[in-house]
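Enquirer: Starting off with a structure, shown below.
The values are calculated or read from the model by the stated rules, or taken from the named source; none is laboratory data. Source: prediction; values computed, not measured. Every residue, glycine as well, gets a Cβ built from its backbone with ideal geometry; the counts of neighbours run over all protein chains shown. Calculation scope for accessible area: heavy atoms of the full protein, side chains included, ligands and nucleic acids excluded. Shrake-Rupley method; radii C 1.70, N 1.55, O 1.52, S 1.80 Å.
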Amino acid sequence: MQISSSGPYPIKLLVNHFRVRLNNADAVIFHYEIAIAIAPDKKARGRAFQVYKSDSLSVKRQLFKMDPTRFPLQSTAYDGDKNIFSTVRLPTGLFRVTTRQDFDVTVTLQAEFSLNAIESPNVSRNVLHALDVILREKPSAGLIVAGRGFYWADRGQDLRMGVQALDGFIQGLRVTEQGLVVYVDYSAMAFCKNMPIVDVIQDTLRMPLRENYILDGRQRTLIQGALRGVPLTVKHRVTAQKFTVQGLGAYDSDGTRFTVDEPEGGSFSVREYFRSKYGQKIKYGKLPCLDLGKNGRSNYVPMEFCEIAGGQRFPKQNLNKYEANKLKGIAMADPIRRKKSILHTVQSDDGPCVGELLSQCGISIERSMTQVTGGVLQPPELMLRANNSDQPQKYIIDRDDCQWNLTRNKVRRGACVKSWAILDFSAPTLDQKSFIQDLVSKLREIGVQVSPSPPFIIPSSMNALSHPGRLSQVLRQVAERAQRPQILICPMMETQNDGYNMLKLLCDTEFGLVTQCCLTLRANNADPRKRDQYLGNLALKINAKLGGSNAELFHGVPTLVDRSNERFMLIGADVNHPSPGSDKSSPSIAAVVGSINWPASTRYAARISAQPHRTEQILEFGDMVREHVEHYKGLNKGRPDNIVIFRDGVADNQFEMVIDKELPDIREKLGYSPKITVIVAQKRHHTRLFPEEGRALGSLNVPPGTVVDTVVVDQTRPNFYLCSHQGLIGTSKSTHYHVLMDDIGFDPGEVQRMTYHLCYTFARCTKPVSLVPPVFYADIAAYRGRAHHEARMVLLNSRGSNARSSSSSPSSSLMSLAPASGGVSHPKVHKDIENSMFFL
């Protein structure tokens with residue numbers, strides 16, 4: 001990085017990149033494909049057989065065990081699927097292997113290549129894949145493998161009965177300016193402990209089980225919550241198969257009956273079937289059976305014949321709030337603990353830096369972190385308002401954490417709230433009088449003009465959120481009032497529920513009401529300081545939603561205002577995907593936001609669309625950008641001459657998709673030719689920046705504004721790591737920005753300053769954020785689109801289960817929508833609020 005007196009000041013850093021060295025220029029790798037199938041003569045007629053992943057691993061091991069001279073295990077690496085990489089030639093052809101049954105194994109040579117290729121600046125993906133599998137071979141042999149991570153079975157902390165958090169690490173390869181490196185990062189993940197289900201029940205209930213014990217309703221709920229989604233093995237028959245608990249059966253072993261279509265078939269209870277089929281006597285016959293079925297078919301098994309499959313990853317979404325917070329606390333290691341763990345990993349005997357196979361390849365990996373000199377960018381000067389004046393006032397940030405406050409200042413542009421209302425879903429818990437007084441006081445304190453009290457307050461309950469018809473009726477009364485509220489304040493007991501999603505769906509799409517939800521328990525907080533802080537955050541969001549501007553850059557957006565004769569628009573884009581394991585019919589949600597107030601660029605409008613399941617390409621990108629440009633044109637008396645697009649959520653191997661598919665769609669739909677710069681923002685990486693030891697810092701993390709654009713970055717295009725925020729918990733994670741296309745012609749320093757300064761304009765808080773706001777807003781808008789979809793699914797399901805819909809039900813337009821791109825329908829945001837920051 002080039003350091004100047006007016007630019008960033010230097011900072012010495014350590015980065016968790018470890019250089020890969022090639023010590024044998026003649027080393028060659030052979031790539032083989034292995035295909036495994038059930039032996040044809042061993043297949044039962046009319047019965048389908050499946051080769052499980054566990055079968056593949058055991059079959060491969062048995063093949064090598066049968067002929068260790070020609071199949072030397074120590075010279076090969078297996079990816080667990082169909083690829084074997086070897087330092088020696090292996091025999092090819094068809095082989096018969098017997099484990100739990102007979103398998104036919106076909107071994108085929110696919111390619112051979114010299115490892116000299118890793119010294120090239122353009123290492124092929126095939127070579128990287130081969131080396132990645134080789135590096136993973138040693139840790140895979142002795143550690144628990146989950147995705148790209150490895151975890152030690154003996155380094156755990158209990159989260160709950162049968163579930164523990166294990167320490168581990170994530171590793172991978174990157175090609176950087178200094179050459180090929182291995183990155184290693186600390187990780188913690190929830191795993192199941194090997195434990196009989198009966199023991200889990202006894203520990204959960206904190207009591208021993210009697211043989212005829214019957215669970216009451218509360219206990220059933222506890223057990224069902226503890227076991228749902230847990231992977232199990234069964235012990236009444238021999239099988240390597242893993243099962244997932246779908247829930248508890250309605251009846252016990254005597255009451256659960258089914259019909260068997262076999263020669264000795266008939267109707268059996270579970271108790272009778274297990275005695276007849278397996279010779280097993282059920283001890284805890286009054287406990288409900290576990291449903292281990294899938295694809296809509298039930299498979300009931302008595303609890304005492306089930307065990308939690310130890311070493312299996314436990315779904316994070318199945319942890320309760322306490323357990324999830326405990327796991328988060330373990331995983332968010334501070335810089336000292338994270339760095340110590342990483343260095344311990346690279347030195348360990350089961351880490352990524354050792355192994356016979358690496359030695360045969362002539363590869364060594366350095367054990368020291370990469371040293372690099374980065375820079376710390378100066379924070380921008382902000383534009384606010386003085387308390388006693390409406391004139392703009394410069395605010396100089398002088399704190400190390402780069403935060404600011406509005407104690408002696410007001411927001412740059414305060415909204416004027418003439419009409420507002422409260423729909424209280426927490427009545428009578430909320431202290432309404434105190435809440436209204438304090439909220440009005442806080443709004444006026446930051447510079448928002450607001451009437452002293454809402455024209456009307458509607459008391460309700462959390463139960464109303466669960467009834468779309470009743471909720472719709474109440475909202476219609478609000479929307480149709482003569483004095484329609486500019487914003488509807490909705491206190492509630494919790495926001496993580498289907499009712500919250502339903503409220504947002506109806507207000508955003510059917511009634512065009514801007515809403516601000518708040519938690520009653522926090523609004524009622526007895527601690528004045530915490531209550532004041534909470535209301536202050538609410539006030540910032542309310543001002544932004546109603547068209548205000550909380551903080552602007554005093555000198556404008558760097559490099560953009562320097563081109564004063566040209567207009568700029570900032571675009572942010574992101575795609576929200578369904579959670580892993582969700583139904584294939586669940587769409588991905590794309591959101592594109594665009595700045596509308598040039599040159600301040602602090603206010604954004606959002607467009608949201610749905611597209612097929614887990615589709616990353618934004619199919620309506622061009623149409624959504626065109627809508628933003630037309631709205632921008634109406635407000636700024638002309639279309640933007642330049643558009644800067646910040647794209648979130650794409651991996652390195654998807655960059656071509658952005659340039660070859662999304663960008664042409666935008667250019668085609670715009671109908672004119674603005675200059676376009678495309679910058680990708682990546683948060684899902686494992687590069688960590690640590691200050692060198694001995695640096696005097698108020699925090700253990702790197703300071704806000706830390707930027708690195710040499711040594712550890714990619715060499716194929718302009719890119720940089722920027723840590724724009726102050727890390728308070730755990731280790732700060734920088735954002736990796738890649739400039740994919742630059743028609744505008746920025747130099748690297750301009751892009752870095754522009755990106756960093758924009759991080760001070762995020763409307764929700766008075767500190768710089770970790771991600772450039774256009775992308776941050778797109779992420780929030782996509783999440784709102786997900787809430788719309790889930791609430792609409794609830795509506796459709798409830799409509800299908802009722803023969804007659806109530807006259808107070810939501811509009812039928814929410815039930816039947818015209819499909820958009822990819823044949824996926826999604827409700828459109830109401831025209832009255834679509835160009836506001838309703839999503840914030």
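Enquirer: Those residues that are open to solvent by 60 Å² or more (accessible area, probe 1.4 Å) and out of contact with any Cys (no Cβ under 8 Å at 6 or more places or on another chain), I need them from the stretch 513-557; list them, please.
Expert: The answer is LEU521, ARG522, ALA526, PRO528, ARG529, LYS530, ASP532, GLN533, PHE554, HIS555.
Conditions (1) exposed (fewer than 12 other Cβ atoms within 10 Å of the Cβ); (2) modelled with pLDDT of 90 or more; (3) of a type outside the set (Lys, Arg), marked per residue:
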site: ALA25; (1), (2), (3): yes, no, yes
site: PHE30; (1), (2), (3): no, yes, yes
site: ARG47; (1), (2), (3): yes, no, no
site: SER56; (1), (2), (3): no, no, yes
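Enquirer: Take the conditions in contact with a Ser or Thr (Cβ under 6 Å, 6 or more places away or on another chain), surrounded by 18 or more Cβ atoms within 10 Å (Cβ to Cβ), within 26 Å of LEU222 (Cβ to Cβ) and touching a residue at least 40 places away in the same chain (Cβ under 8 Å) and apply them to GLU307. Does it pass?
Expert: The answer is yes for GLU307.
Enquirer: Check THR706, THR735, THR710 and return the single one that is in contact (Cβ under 8 Å) with a residue 40 or more places away in the chain and surrounded by fewer than 17 Cβ atoms within 10 Å (Cβ to Cβ). Can you show your working first?
Expert: On the way: THR706 fails: surrounded by fewer than 17 Cβ atoms within 10 Å (Cβ to Cβ); THR735 fails: surrounded by fewer than 17 Cβ atoms within 10 Å (Cβ to Cβ).
Just one listed residue meets the conditions, THR710.
Enquirer: Considering only the stretch 587-606, state which residues are of a type in the set (S, T, N, Q) and either closer than 21 Å to VAL678 by Cβ or open to solvent by 20 Å² or more (accessible area, probe 1.4 Å) (or both).
Expert: Here is the first cut: in the stretch 587-606, the residues of a type in the set (S, T, N, Q) are 588, 595, 597, 601-602.
SER588, SER595, ASN597, SER601, listed by residue number.
Enquirer: Still on this model: Which of (1) open to solvent by 50 Å² or more (accessible area, probe 1.4 Å); (2) at pLDDT 95 or above; (3) of a type outside the set (S, T, N, Q) does VAL678 not meet, given it meets every other one?
Expert: VAL678 satisfies all of (1) open to solvent by 50 Å² or more (accessible area, probe 1.4 Å); (2) at pLDDT 95 or above; (3) of a type outside the set (S, T, N, Q) except (1).
Enquirer: Do we find that PRO748 is open to solvent by 50 Å² or more (accessible area, probe 1.4 Å) and not charged (D, E, K, R) in this structure?
Expert: yes
Enquirer: Against the condition open to solvent by less than 60 Å² (accessible area, probe 1.4 Å) and within 26 Å of the chain's Cα centre (by Cα), how does LEU292 come out, does it pass?
Expert: No: the conditions fail for LEU292.
Enquirer: Using beta carbons and a limit of 6 Å, which pairs, at least six apart or on different chains, have the first residue in the stretch 124-144 and closer than 16 Å to GLN110 by Cβ and touching a residue at least 12 places away in the same chain (Cβ under 8 Å) and the second one part of a helix (DSSP H, G or I) and open to solvent by 20 Å² or more (accessible area, probe 1.4 Å)?
Expert: Pairs that qualify, where the first residue is closer than 16 Å to GLN110 by Cβ and touching a residue at least 12 places away in the same chain (Cβ under 8 Å) and the partner is part of a helix (DSSP H, G or I) and open to solvent by 20 Å² or more (accessible area, probe 1.4 Å), are VAL127/ALA117.
Enquirer: Does VAL711 satisfy being part of a loop (DSSP other than H, G, I, E, B), modelled with pLDDT of 95 or more, among the aliphatic types (A, V, I, L, M) and on the phi > 0 side of the Ramachandran plot?
Expert: It is true that VAL711 is part of a loop (DSSP other than H, G, I, E, B), modelled with pLDDT of 95 or more, among the aliphatic types (A, V, I, L, M) and on the phi > 0 side of the Ramachandran plot.
Enquirer: Same structure again: Test each condition in (1) within 12 Å of MET741 (Cβ to Cβ); (2) of a type in the set (A, V, I, L, M); (3) open to solvent by 10 Å² or more (accessible area, probe 1.4 Å) for VAL658 and report the one that comes out false.
Expert: Here VAL658 clears every test but (3).
Enquirer: I've got another one for you. For MET161, are the conditions met, namely being out of contact with any Cys (no Cβ under 6 Å at 6 or more places or on another chain), closer than 27 Å to ALA331 by Cα and of a type in the set (A, V, I, L, M)?
Expert: Here the answer is yes, as MET161 does meet what is asked.
Enquirer: Any idea which of (1) open to solvent by 30 Å² or more (accessible area, probe 1.4 Å); (2) not in a strand (DSSP E or B) is the one THR373 doesn't satisfy?
Expert: (2)
Enquirer: Answer yes or no: is there a residue in the stretch 363-370 that is buried (at least 21 other Cβ atoms within 10 Å of the Cβ), farther than 30 Å from PRO599 by Cα, more than 32 Å from the chain's Cα centre (by Cα) and in contact (Cβ under 8 Å) with a residue 60 or more places away in the chain.
Expert: Checked the stretch 363-370: at least one residue is buried (at least 21 other Cβ atoms within 10 Å of the Cβ), farther than 30 Å from PRO599 by Cα, more than 32 Å from the chain's Cα centre (by Cα) and in contact (Cβ under 8 Å) with a residue 60 or more places away in the chain.
Enquirer: Just checking, which of ALA188, ALA226 is assigned to a strand (DSSP E or B), small (Gly, Ala, Ser) and at negative phi?
Expert: Details: ALA226 fails: assigned to a strand (DSSP E or B).
Matching residue, one of ALA188, ALA226: ALA188.
Enquirer: Let me ask something additional. Report the residue count in the stretch 76-105 for those that are open to solvent by less than 30 Å² (accessible area, probe 1.4 Å) and either in contact with an Asp or Glu (Cβ under 6 Å, 6 or more places away or on another chain) or basic (Lys, Arg) (or both).
Expert: 1
Enquirer: Okay, next question. Pick from ARG218, ARG271: which is charged (D, E, K, R), assigned to a helix (DSSP H, G or I) and open to solvent by less than 70 Å² (accessible area, probe 1.4 Å)?
Expert: None of the others qualify; the one that does is ARG271.
Enquirer: Quick one: which helices (runs of 4 or more DSSP H) sit completely within the stretch 459-547 and have at least 1 residues that are over 19 Å from ARG792 (Cα atoms) and in contact (Cβ under 8 Å) with a residue 24 or more places away in the chain?
Expert: Filter on the stretch 459-547 gives 468-479, 520-523, 528-545.
Enquirer: Return a yes/no flag: does the stretch 581-592 have any residue that is in contact with a Phe, Trp or Tyr (Cβ under 7 Å, 6 or more places away or on another chain), at pLDDT 95 or above and either aromatic (Phe, Trp, Tyr) or within 30 Å of ASP641 (Cβ to Cβ) (or both).
Expert: Looking through the stretch 581-592, at least one residue is in contact with a Phe, Trp or Tyr (Cβ under 7 Å, 6 or more places away or on another chain), at pLDDT 95 or above and either aromatic (Phe, Trp, Tyr) or within 30 Å of ASP641 (Cβ to Cβ) (or both).
Enquirer: To continue, here is another question. Are any residues in the stretch 336-362 open to solvent by less than 70 Å² (accessible area, probe 1.4 Å) and at pLDDT 95 or above, and if so, which ones?
Expert: Once the filter is applied, which keeps residues that are open to solvent by less than 70 Å² (accessible area, probe 1.4 Å) and at pLDDT 95 or above, the stretch 336-362 yields ARG338, LYS339, SER341, ILE342, LEU343, THR345, VAL346.
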